[in-house]
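Working notes, beginning with the structure itself.
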């Protein structure tokens, strides 16, 4: 039987609440919180180490199948009252299902990069919804992984929701400086393209990604740093036929990745699997 929590002052609840609101605490503890029945079940199916599971009685009636999947591997299980669940929620209509997972290890540096795959690199992405959407799209298209520098916390609740579980499975690599990361990729045999809104850049639709490549996308408002652009072997842009001058980071990344992965001669269909 699960332990019952009825008070918002419960120390376990207060501790988990801090995980939801603080990236610093998540990093210190190596833990993060997942909200939602389907997302929690996805974490369990994806092999995440689930430390704690929380649910309301009402949620158990409605989402029992999802909850049972998580309960099978969770180290601790709690049932709590709806008013307690509200303290943890980051959504307007909480389902009453949460779990605490251990962060994935081994994502620091670029040592796990596969020289046969295509990659996306993101510099200083600050919108969690953008980051989550990019991760979801990258996983769907078969990108080898995402390199991140200076971006918002990948384990924030908004990133988790927008990624639709990609964060549980998709390879990501954390680097300190994008220019240096690009230089490492170049040295490993990759072709690197800086995404810029520049008429002098090569249109992405004209590029044959014939060898493993990395597309580098920058901040929503400021784009890429000059250092990152200079480190790349070339620049790429999306041809714009309408009046809009630019796209947001997630839309730009989606178009660029699609063009990179559809090139049959670039090894995208086989190498990316």
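With the alpha-carbon atoms of the stretch 68-200 aligned to their principal axes, the span from lowest to highest coordinate is 58, 33, 26 Å, starting with the largest.
Pairs of Cα atoms nearer than 8 Å and 6+ residues apart set the relative contact order; for the stretch 20-172 it is 27 percent.
If the chain linking residue 176 and residue 65 were pulled fully straight, counting 0.36 nm for each residue of separation and taking away their Cα-Cα distance, it would gain 35.8 nm. Taking every C-alpha pair closer than 8 Å and separated by at least 6 residues, the mean separation divided by the residue count of the stretch 74-164 gives a relative contact order of 27 percent. Here the extension length gained between residue 102 and residue 247 equals 48.7 nm, from 0.36 nm per residue of separation less the Cα-Cα distance. As a calculated quantity, the FRET efficiency between residue 21 and residue 230 at R0 = 35 Å, using C-beta atoms, amounts to about 0.40. Taking the number of Cβ atoms within 10 Å of each Cβ as an exposure proxy, the fewest-first ranking of 161, 262 is 262, 161. Structure remark: mean-square fluctuation, Gaussian network model of the chain, C-alpha springs under 10 Å; the largest value among 220, 72, 123 belongs to 72. Each peptide in 147-153, 47-53 was scored by the mean count of other Cβ atoms within 10 Å over its residues; highest first, the order is 147-153, 47-53. DSSP assigns beta bridges within the stretch 126-235; of those with both partners inside it, close to 10 percent run antiparallel.
In terms of overall dimensions, the stretch 68-134 has a Cα radius of gyration and Dmax of 17.8, 51 angstrom. The ranking of 16, 217 from fewest to most other beta carbons within 10 Å of each one's beta carbon is 16, 217. Between 206, 237, 91, the residue with the greatest mean-square fluctuation in the GNM of the chain (Cα pairs under 10 Å linked by springs) is 206.
Using the Cα coordinates of the chain, the gyration tensor eigenvalues translate into equivalent-ellipsoid semi-axes of 39, 18, 17 Å, sorted from longest to shortest. Across all directions, the average flat footprint of the convex hull enclosing the Cα atoms of the stretch 174-228 is 4.5 nm².
Note on residue 200 and residue 188: the model spin-label points, each 7 Å out from Cα along the C-beta direction, lie 3.0 nm apart. Computed across the stretch 144-209, the Kirkwood hydrodynamic radius from all distinct Cα-Cα pairs reaches 14.3 Å.
For q values of 0.17, 0.21 Å⁻¹, compute log₁₀ I(q)/I(0) with the Debye formula on a Cα-only model of the stretch 1-114, without solvent. Values returned for q = 0.17, 0.21 Å⁻¹ are -0.77, -1.14. When the chain is treated as a Gaussian network with alpha carbon springs shorter than 10 Å, the biggest mean-square fluctuation among 121, 199, 43 belongs to 199. Stretched out straight at 0.36 nm per residue, the stretch from residue 258 to residue 208 would grow longer than its current Cα-Cα span by 16.8 nm. Relative contact order of the chain: 18 percent, from C-alpha pairs under 8 Å at least 6 residues apart in sequence. Dividing the helix sum by the residues of the chain, where each DSSP H run of 4 or more adds -39500 (n - 2.57), gives a mean residue ellipticity at 222 nm of -11000 deg cm²/dmol.
Within the chain, DSSP assigns beta bridges of which about 30% are antiparallel (rounded to the nearest 5). Each label point was placed 7 Å from the Cα along the Cα-to-Cβ direction; for residue 46 and residue 116 their separation is 2.5 nm.
Only the coordinates and a few stated rules stand behind these numbers; no lab work does. What you see is a predicted model; the values in this text were computed from it and never measured. Every residue, glycine as well, gets a Cβ built from its backbone with ideal geometry; the counts of neighbours run over all protein chains shown.
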